[in-house]
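The values are calculated or read from the model by the stated rules, or taken from the named source; none is laboratory data. Not measured: the values here are computed from a predicted model. Counting neighbours? That spans all protein chains shown, and the Cβs are built from the backbone with ideal geometry, glycine included.
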C-alpha cells in the first residue's frame, strides 16, 4: 500500500502546475496552483505526471521538485520529517544510541 502524505501530494501538485519558479509566486498563488492541479488531475494523477516527467526529463525534474518541496514547506510550514529535523536546533536533536551505551565491567567495547 502506498502512503501519500499531504506534503508529498502538495509538492507533486505544485510540480505539475503551470506555476513557475521564475514567477516568484506568493503563498496564495502557490496554494491556488496546488488546489487547481489536484482538482484537475487528482492526487494520483499528479503523481503519475511527476513520474512521467522524471522519466522524460530527469535533469529538469530534479530541480523543479526541489523547488516545489521548498515552496510547499514555505507556504504550509515544514511538516515533512526531514524538513522538521533540519530546522531543529542541534541541542534538540537526538543523540546516537551508541554514544550512551556503556560496556559492563570486564567487557571490551
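List pairs: first residue in region 63-88 and loosely packed, with under 13 Cβ neighbours inside 10 Å, second residue modelled with pLDDT under 85 and outside any helix (DSSP H, G or I) anywhere in the structure, Cβ distance under 9 angstrom, at least six positions apart or on different chains.
From residues that are loosely packed, with under 13 Cβ neighbours inside 10 Å, the pairs are 84/78; 85/93; 86/78; 87/78.
Looking only at region 4-22, count how many residues are assigned to a loop (DSSP other than H, G, I, E, B) and touching a residue at least 24 places away in the same chain (Cβ under 8 Å). Break it down stepwise before answering.
So the first thing to find is which residues in region 4-22 are assigned to a loop (DSSP other than H, G, I, E, B), and the list is 4-5, 17-20.
Among the residues that remain, those that are also touching a residue at least 24 places away in the same chain (Cβ under 8 Å) are: 4-5.
Number of matching residues: 2.
If you go through region 10-22 one residue at a time, how many are in contact with a helix residue (DSSP H, G or I) (Cβ under 7 Å, 6 or more places away or on another chain) and either buried (at least 22 other Cβ atoms within 10 Å of the Cβ) or farther than 20 Å from residue 56 by Cβ (or both)?
Of the residues in that region, 8 qualify.
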